[in-house]
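Here's the structure we're looking at; comments come further down.
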Amino acid sequence: MPTIVDRRSTRVSGGGKVTDPIASEIESTPQKRKLRSSSSSTTKDSIITSDLTPSPLKSSPSKWKSPRRCVNDSPKSTPNANRGAKAVNLSKSPVKRRLSESFLEKPMWNPRDMEQLNGVKEALHVSRAPSNLVCREVENNRILEFCKQAVEQEKAGSLYICGCPGTGKSLSMEKVNKVLVNWAEESGFQAPDTLSLNCSSLSNTSDVFGKILDKITLRRKINTCTSPLQYLQKMFSEKQQSAVTKMLLIVADELDYLITKDRAVLHELFMLTTLPFSRFILIGIANAIDLADKFLPKLQSLNCKPAVVTFRAYSKDQIISILQQRLKAFPYTIFQPQALELCARKVASASGDMRKALWICRSAIEMLESDIRDSINSLDLPSLHGGVSDQQRDCACDKSLIHESNVVRVDHVAIALSKAYRSPVVDTIQSLPQHQQIILCSAVKLFRGKKKDATIGELNISYLDICKSTSIPPAGIMELSNMCRVLGDQGILKLGKAREEKLSRVTLKVDEADITFALQGIRFFRNCLQQS
């Protein structure tokens, strides 16, 4: 009979040795597997030799430990032993960093620190003059060259600076005045005296001549029978009296007050620079650009037409540059780049007023403060520093998340923009009763296109269509007429007179865009206005 081989035995009855495939597999496995067997013939040297031989399982570290936790760790090292080296190696990674990781390159801004918070607010305040005036180099150079030429030649002259509010006119003049004084001292010229006037603060427009005279000489030397204007005219018509006085730089801010209030005083003021021995350098500053067309022709006929420098409204890129220039002194990130761009884009499209942009940025910081106060009650901040495990502390102290929560975001700027440019008409429309809002929605749909007015009967048809589509019980035509009169009293509609009530003509007195903006937050009105 054939001999049956026992799987647990390595010999057969005939004395021959049979090769068992399972046994050979056991012998070929690493020593670490052998240690688990029942064999007792394993020596210490064989164990050391097998440890030096790399096993298939050890060559695949992803099955034994996570590469995120163990970049430089050894199997016997403590979990926190190489945490510092891990950060160094990750910082050298060629992979492109995300926006939140790039914030970690700068120290984190802590808006809870009142010192840091007040410092940022002060830097963004309108009254804080920056060290360097950017985006106005061309205009400043023109003003400075005009003043230098007048000082060098000791020749009187006049300059008119115009531009929209918040375009840096007064601030530029302050910087130019300082540069002019330093230049005169370095060049060996006599620096002119400076007289700054705000025309809107004068109780009487003719007081401007008295202030000029007080700057030149003492009032007690003047004959009381002579007016300040007459004394100045006489003084600078004679060479002997004018030679003893220095050049006087007169900066008249809010000059448009004189243009609209007393144009005769304005003409006499500019004519002082045309006197034979005048030593006045007159620089007038006004907000409106079109005012120059109203008084320049008259000055030209009087042979005293001034040179004109126009300050254009700031563009989006210029507003961003000015904001960045004010914030670059701080070693931490305060605004998201997208938030600054949103603020600059809106202000540039509306007015280009830099003062408005600064106000919006300060208001956005206040929105961030409000968010932090609201989150204090929901976050257990003391638990982040003790009494928790390492894993919980790592999750709670995610620097990128904390840093992003401390940065002024786009939503903060959006809220500040809505406050800055909110129209009172929008507030009035949003506070109206529902049926009056439906009437305005009907009027907007009715007046689309070239049609600008309609009768109450036509408005009633559009009103009934909207009520029917939404299953709202409509009001009668007499009630509709009364509601139109209420809207007319509030300045939203204009209601004409007719023999019959339904023939009275109705016209919108507000912009359709204001009505659309006020009602777009309600889905019902938004759907109605989107329909053709």
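The values are calculated or read from the model by the stated rules, or taken from the named source; none is laboratory data. Fair warning: this is a prediction, and the values are worked out from it, not measured in the lab. No Cβ is skipped: glycine too gets one built from the backbone with ideal geometry, and neighbour counts run over all protein chains shown. Ligands, DNA and RNA are stripped out before the accessible areas are found, and what is left, the full protein with its side chains, is counted by its heavy atoms. Shrake-Rupley method; radii C 1.70, N 1.55, O 1.52, S 1.80 Å.
Quick check: is even one residue across the stretch 506-526 more than 23 Å from Pro424 (Cα to Cα) and surrounded by fewer than 17 Cβ atoms within 10 Å (Cβ to Cβ)?
no
Restricting attention to the stretch 296-303, does a residue exist that is out of contact with any Phe, Trp or Tyr (no Cβ under 7 Å at 6 or more places or on another chain) and closer than 24 Å to Leu171 by Cβ?
First, pick out the residues of the stretch 296-303 that are out of contact with any Phe, Trp or Tyr (no Cβ under 7 Å at 6 or more places or on another chain): 296-298, 300-303.
Filter again for closer than 24 Å to Leu171 by Cβ, leaving none.
No: the stretch 296-303 contains no residue that is out of contact with any Phe, Trp or Tyr (no Cβ under 7 Å at 6 or more places or on another chain) and closer than 24 Å to Leu171 by Cβ.
Could you tell me which numbered condition Cys484 fails, if it satisfies all but one of (1) over 26 Å from Ala350 (Cβ atoms); (2) free of Cβ contacts under 8 Å to residues at least 40 places away in the same chain; (3) open to solvent by less than 90 Å² (accessible area, probe 1.4 Å); (4) of a type in the set (A, V, I, L, M, F, W, C)?
In the conditions (1) over 26 Å from Ala350 (Cβ atoms); (2) free of Cβ contacts under 8 Å to residues at least 40 places away in the same chain; (3) open to solvent by less than 90 Å² (accessible area, probe 1.4 Å); (4) of a type in the set (A, V, I, L, M, F, W, C), Cys484 misses (2) alone.
Quick one: would you say Gln230 is within 20 Å of Thr274 (Cβ to Cβ), open to solvent by 80 Å² or more (accessible area, probe 1.4 Å) and modelled with pLDDT of 90 or more?
Here the answer is yes, as Gln230 does meet what is asked.
Matching residues to (1) basic (Lys, Arg); (2) at pLDDT 90 or above; (3) assigned to a helix (DSSP H, G or I):
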residue	(1), (2), (3)
Leu197	no, yes, no
Gly210	no, yes, yes
Arg220	yes, no, yes
Thr224	no, no, no
Val244	no, no, no
Leu258	no, no, yes
Leu269	no, yes, yes
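Return yes when Ala416 is out of contact with any Leu (no Cβ under 7 Å at 6 or more places or on another chain), modelled with pLDDT of 85 or more and open to solvent by less than 10 Å² (accessible area, probe 1.4 Å) and no when it is not.
yes
Please give the helices (runs of 4 or more DSSP H) falling wholly within the stretch 73-184 in which 2 or more residues are closer than 29 Å to Asp353 by Cα and modelled with pLDDT of 90 or more.
114-123, 137-153
Quick one: how many residues across the stretch 480-507 are among the aliphatic types (A, V, I, L, M) and part of a loop (DSSP other than H, G, I, E, B)?
Matching residues across the stretch 480-507 total 2.
Out of Ser370, Ser383, which single residue is at pLDDT 60 or above, under 25 Å from Gln116 (Cα atoms), out of contact with any Phe, Trp or Tyr (no Cβ under 8 Å at 6 or more places or on another chain) and loosely packed, with under 14 Cβ neighbours inside 10 Å?
On inspection, the qualifying residue turns out to be Ser370.
Between residues in the stretch 415-437 that are at negative phi and aliphatic (A, V, I, L, M) and residues that are surrounded by 11 or more Cβ atoms within 10 Å (Cβ to Cβ) and in a loop (DSSP other than H, G, I, E, B), which pairs lie under 7 Å by C-beta distance while being six or more apart or on different chains?
Listed pairs, sorted by first residue: Val425/Val510.
What number of residues within the stretch 310-354 are within 15 Å of Leu133 (Cα to Cα) and among the polar types (S, T, N, Q)?
Final tally of qualifying residues: 4.
For the stretch 457-474, name all the residues that are among the small types (Gly, Ala, Ser), touching a helix residue (DSSP H, G or I) at 6+ places or on another chain (Cβ under 7 Å) and more than 9 Å from Ser442 (Cβ to Cβ).
Gly457
Can you tell me how many residues in the stretch 444-457 are modelled with pLDDT under 90 and over 15 Å from Gln520 (Cα atoms)? Let's see the steps before the verdict.
Residues of the stretch 444-457 that are modelled with pLDDT under 90, as a first pass: 444-454.
When the remaining residues are screened for being over 15 Å from Gln520 (Cα atoms), the result is 446-454.
Counting residues in the stretch 444-457 that are modelled with pLDDT under 90 and over 15 Å from Gln520 (Cα atoms) gives 9.
Would you tally the residues in the stretch 298-326 being outside any loop (DSSP other than H, G, I, E, B), of a type outside the set (A, V, I, L, M) and over 16 Å from Ile161 (Cα atoms)?
Adding up the residues that qualify gives 10.
Condition first: in contact (Cβ under 8 Å) with a residue 40 or more places away in the chain and charged (D, E, K, R). Can you find one or more residues in the stretch 459-473 that meet it?
Within the stretch 459-473 (the criterion being in contact (Cβ under 8 Å) with a residue 40 or more places away in the chain and charged (D, E, K, R)), the answer is no, since none of the residues qualifies.
Taking only pairs six or more apart or across chains, which ones have beta-carbon atoms under 8 Å, a first residue in the stretch 171-182 that is closer than 9 Å to Ile143 by Cβ, and a second residue that is among the polar types (S, T, N, Q) and at pLDDT 95 or above?
Listed by first residue and then by second, the contacts come to Ser172/Asn140; Val176/Asn140.
For Val510, only one of the following conditions fails: (1) farther than 15 Å from Phe525 by Cβ; (2) in contact (Cβ under 8 Å) with a residue 60 or more places away in the chain; (3) assigned to a helix (DSSP H, G or I). What is its number?
So Val510 meets the others, but not (3).
Identify all residues within the stretch 152-171 that are more than 27 Å from Glu268 (Cβ to Cβ) and of a type in the set (Ser, Thr, Tyr); write none if there are none.
The answer is Thr167, and nothing else.
Taking Leu159 as the residue in question, decide whether it is in contact with a Cys (Cβ under 7 Å, 6 or more places away or on another chain) and at negative phi.
Answer is no for this residue.
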